[in-house]
Amino acid sequence: MHKLVYFWRNLVRRRQVERELDQELAAYVALLAEETSGREARLEAGGIQQLKEQVRDVKAGFFMQTILQDVRYGWRMLRRSPTFTVVAILALALGIGATTTIFSIVYGVLLRPLPYPADGRIAMVFNHFAPQNAEHGTLSIADYLDWKKGNHAFESAELFRQALFDVTGAKEPEQVRGAMVTAGFFSTLRVQALLGRTFLPGEDAANAPGVAVLSETWWRNSLGADRNILGRKLNLSGVPCTVVGVMASSFHFPGPNYEIWTNLRLIPPTRRGPFPYRGLGRLKPGVTLGQAQADTNAVAQRIERENPVTYHHMTMPVVPLRDAIIGNIRPALLAFLGAVLVLLAIAAVNVAGLLLARATVREREIALRVSLGAGSGRLIRQLLTESLLLALLSGAAGCLLAYAGIHALRAWNPGNLPRIEDIRLDSGALVFALLVSVATGVLFGLAPAFQSGRATPASSLREGGRGGTVGASRRRLQAVLVMGELALALMLVTSAGLLVRSFLLLGQVNSGAQAPPENVLSMKISPASSKYRDSEQIIPFYRRLMERVRSTPGVTYAAISDSLPPDRQYDYDTFVIQGQPLAAGEINPAVTCPIVSPDYFRALGIPLIKGRFFTNQDSGDAPPTVIISDSMARHYFSGENPVGRRLKASGPDLHDTPFMEIVGVVGDVRYAGLDDNNADAYYQPYAQTLYYQRTNLVVRSNGPAAGLATTLRREVRELDADTVISDVITLQDALGASVIGPRFRTLLVGGFALCALVLAAIGIYGVMAYSVAQRTQEIGIRMALGARRSNLIGDVVAQGLRLALAGTAVGVAGALLVTRLLASLLFAVKPTDALTFAAGPVILIAVALLASFLPACRAAMVDPVIALRHE
Amino acid sequence: MSEPAPKTTNLLQGTLDLLILRALSLEAMHGLGISRRIEQITQGTFQVKPGSLFPALHRMEEAGWLAPSWGESENNRKAKYYRLTAAGRRQLQAETEEWQRISMAMAAALDAT
């Protein structure tokens, strides 16, 4: 109670409290003087300020009061040297802003819980077997039914697949991304509909009527948020579906931009394939992931035992939902986090260096305060308050930067980050920014503060901020800081160098299409499935389409293909070569198998190596033909001429397809991405394959083809107004888009490295400029004694060089440790790439030399007369 | 030749509070008065320096044991006087008992063979 009253009084009526303290002590001194006739009193009076400080120290609220005082004082000090303040705040705001942005990304993608209750208990179930050979491969309906029957670990076992729905009957025919899901899909995720309902048990039965749930976004944008939508029928890829519900826009599953979910009807399969599905389940209470994994693997073993022709080495991987969604982005994000923390450390070290340099200027002020009774603890607290103030101001600026950064990032979505909708600057990120600010404030403030706290007033006042022991130890500290800064910068520069090298190498990879990429335009076309029910109907449509497009002015070749470089692989399958029986247990790897029209190779400029291209004679009634890639010829025909040999598809179910004669060998094309070295492929003519609904129209022009898009759309529409067109893109843009992830991380880490270089340059410049200023007198003497200017410049530059070399040595060692962690992000470059490790130090030393050259020149300009008169 | 100064002892932790309370138990006094009274009642064993005295006075005032009042000093100066409050008397009582307990225990310990 008393404490509170005094707390209030000491804080609010500070002036009165101080006056009373003055009076009390003055009376004491006067009385003492009378008693001892002034002998003792003089001695005591000398310490009156110190005495007051000691009394204040015990008073309630003193701490708060001094903090307020320190903040006010610190604010005045910061305002008095605006250049220092602005530079320091900019450097730190950059560091804190970048760190907060990256933290928000890492938190949003890797750590933020998914918006499903107990999301950690939900897992996805995959299929892994030879010859499908995907780590997290997909399931068939038969696999699912076996899993559901043998399941003991999950309280629900569900299945879903992605789908593209052609929505017709409304306005423009539209292609909408969606998913087909079993009845318990939504209840497994424990999500409710915003409007209407989700699916009911039994709605995945083979004979169930079609029902659909829409996304709020699509419902608003395409249906005008029509509240009467429930119960209406939509035509989805030819299937009439009754709308039963709308999901809130916060629901993104299996990913962003999914707009429609329809009921997956579990029609009893007549064969094991096809395999487009993924499993979803919620673990029973108490069941661990490991137990669930053992459970699904037991199912997998039984499936493999019962179907030895289809499956080899089968397992059913269980992956926690969050891991399944974020995929392999983790190493890149952790690399960003590491890089940005290094940048932050550099910024903090930089500001520490600036503070140290400023401490010299303030030495007299501090000495004066010590002699007026400031204890060293009090002084350290004061200086720390100042650096905290600086850090908090920077933190606020950094948060603004982070806010802008995250906005830009979400608008742009570089590198196809998963869960981008979950990345935002929230209270967690703000708390993080605050913590980072405080931590950096304390860290960079600590060294200079203790430095000054150690100062003794006598020596400082005598030294006048020059030479002496404190000056020497401060210089040592400064040198260490700059070396550390250079070492950290080198680690960043080396990492960025490796990423730049791999990105450049990736850019040099030949996609396999020799045509000028800006002259090739592709678009995905989906003819209305209600009109084209089989190959009899669709092949003539495609033929007419190509004839029509081919006669458009500017078009040289028109073709269709279901796969396109650089990364639009539609399907892959295994094969059997006639006369090359497989050894027991041997399985051919799966290869890409595009289905193309005759002009496809010419349109993309894929060279013919042997034999011939397809022609219009390779039709349904002609003998089946096939063209293989050069890489496949090398791998499976070991130097013999493959033309004239025969092979057939041997997918898990395709036992009775006919052998096809190899009529040609063409150049290698990358269908699985530029960074995938495997270019084995076999092509089939489109007129000889089964019905397929979607394909890509590829057009080659004699000039840039982007301008053709409108004309081509019109041509397609005129041929059939119900055809859905999507993904119109030139080969050039497709190549760019396929490396957007690597480009993003290269740009990001490269940007960090550039900032680090600039900060390191400022750091070394600061130290050298400070050192030159310190030695003005000495330099003046040397010049008066006849030293040449070039010698003086050399002297200063050599000092900078020594710092740079020491920093580089530490940095190279650090970089060797760090770049190993980058290995999974590199393409065709080793983490210890000699060129990068040579170039990094060269760049750093060059920057250091440049940064010390300016102060060196200033040293050489010193006028000896003025320098000697100096003080 | 002057008389040898009485041997002074550093104040034990916590002793100062007790001495101040004891010094003020008869009448209100100002800082110097308290310091002289302590010297007197301890026969010069303890000399309280202002650097210890004033922080202690302010601390004890804020704890509610001492109440301040402004009055005229012997030489007609305005001085801050301290007197014991009820809480201060209770504190004096408690600390005295505590001290006696300790000193008896110490004496017993030192007498033991």
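Every read-out reported here was derived from the displayed coordinates using simple, explicitly stated rules and does not represent laboratory data. As the structure is a computational prediction, the values presented were derived from the model and not from experiment. Note: ideal-geometry Cβ built from the backbone for every residue, glycine included; neighbour counts use all protein chains shown.
Observations, loosely collected:
- Extending 7 Å from the Cα toward the beta-carbon at both A:Leu111 and A:Ser473 defines two label points whose distance is 3.8 nm.
- Separation of alpha-carbon centers, the stretch A:258-304 and the stretch A:709-787, rounded to whole Å: 45
- Around A:Val106: net Lys/Arg minus Asp/Glu count, Cβ-Cβ under 12 Å: +2
- Most positive-pole-ward Cα, A:Ala846, A:Gln799, A:Leu826, against dipole of the protein assembly as shown from beta carbon charges: A:Gln799
- Mean Cα-pair separation over length for chain A, i.e. relative contact order, pairs under 8 Å, 6 or more apart, %: 15
- Gap separating the Cα centres of the stretch A:184-216 and the stretch A:372-404, nearest whole Å: 56
- Sequentially through the stretch A:681-688, phi angles give Karplus couplings (6.51, -1.76, 1.60; θ = phi - 60°) of 7, 10, 9, 10, x, 5, 7, 10 Hz, Gly and Pro residues having no value and appearing as x.
- Helix A:48-58 axis, angle to chain A major axis (alpha carbon atoms, nearest 10°): 40
- Going by neighbour counts of Cβ atoms within 10 Å, the residues A:Thr188, B:Thr45, A:Thr288 line up, fewest first, as A:Thr288, B:Thr45, A:Thr188.
- Whole-Hz couplings from phi, Karplus 6.51/-1.76/1.60, listed for the stretch A:207-220; x for Gly and Pro: 9, 5, x, x, 10, 9, 10, 10, 7, 4, 4, 5, 4, 6
- Among the trypsin sites (Lys or Arg not before Pro) found in the stretch A:780-838, those both in a DSSP coil and sparsely packed, with 14 or fewer other Cβ atoms within 10 Å of their Cβ, are A:Arg788.
- If R0 is taken as 56 Å, the Cβ-Cβ distance between A:Lys830 and A:Arg789 corresponds to a FRET efficiency of 0.75.
- Cross-link reach is defined here as a Cα-Cα straight distance under 30 Å, omitting same-chain residues fewer than 8 places apart; for A:Lys149 the lysines meeting it are A:Lys284.
- Shape class for chain B, computed from the alpha carbon gyration tensor (a ≥ b ≥ c): oblate, with a/c not under 1.5 and a/b at or below b/c.
- Evaluated at q = 0.16, 0.21, 0.25, 0.28 Å⁻¹: base-10 log I(q)/I(0), Debye formula over Cα of the stretch A:742-813: -0.71, -0.96, -1.13, -1.22
- Fraction of beta bridges assigned by DSSP in chain A that are antiparallel (%, nearest 5): 80
- In this structure the amide hydrogen of B:Thr85, modeled in the peptide plane, comes within under 5 Å of the amide hydrogens of B:Leu66, B:Ala67, none closer than 5 places in sequence on its chain.
- Net +/- balance of residues flanking B:Ala67 in space, Cβ distance below 12 Å, scoring K and R +1, D and E -1: +1
- Reachable lysines, given that their alpha-carbon falls under 16 Å from the alpha-carbon of A:Lys3 and they are not under 8 places away in the same chain: A:Lys59
- Axis angle, to the nearest 10 degrees, between helix A:535-550 and the longest C-alpha principal axis of chain A: 60 degrees.
- Positive minus negative residues near A:Cys593 (Lys, Arg vs Asp, Glu; Cβ under 11 Å): -4
- Rounded to the nearest Hz, the phi-derived 3J(HN,Hα) couplings of the stretch A:734-744 under the Karplus curve 6.51 cos²θ - 1.76 cosθ + 1.60 (θ = phi - 60°) are 5, 5, x, 5, 6, 10, 5, x, x, 5, 4, where x marks glycine and proline.
- Close amide-amide hydrogen proximity is noted between A:Gly611 and A:Val665, each under 5 Å apart and 5 or more residues distant or on a separate chain (H modeled in the peptide plane; Pro and chain starts excluded).
- Computed E for A:His136/A:Ser619 - FRET, C-beta separation, R0 51 angstrom, nearest 0.05: 0.85
- Electrostatic dipole magnitude of the protein assembly as shown [Cβ: Lys, Arg +1; Asp, Glu -1; Cα centre; debye, to 20]: 2620
- Residues with amide H under 5 Å from that of A:Ala681, placed H, sequence gap 5 or more: A:Ser629, A:Met632
- Crossing angle, helix A:141-150 versus chain A [Cα axis fit, 0-90 degrees, rounded to tens]: 70
- Residue (of A:Ile325, A:Ser250, A:Ser104) at the positive-pole extreme of chain A, dipole from beta-carbon charges: A:Ser104
- Segment A:Leu443-A:Ala294, extension gain: residue separation times 0.36 nm, minus the distance between their alpha carbons: 48.7 nm
- Additional length obtainable on full extension of the chain from A:Leu68 to A:Val5, 0.36 nm per residue less Cα span: 20.8 nm
- Footprinting exposure proxy for A:Lys610, A:Lys524, A:Lys149 (fewest neighbouring C-beta atoms within 10 Å first): A:Lys149, A:Lys610, A:Lys524
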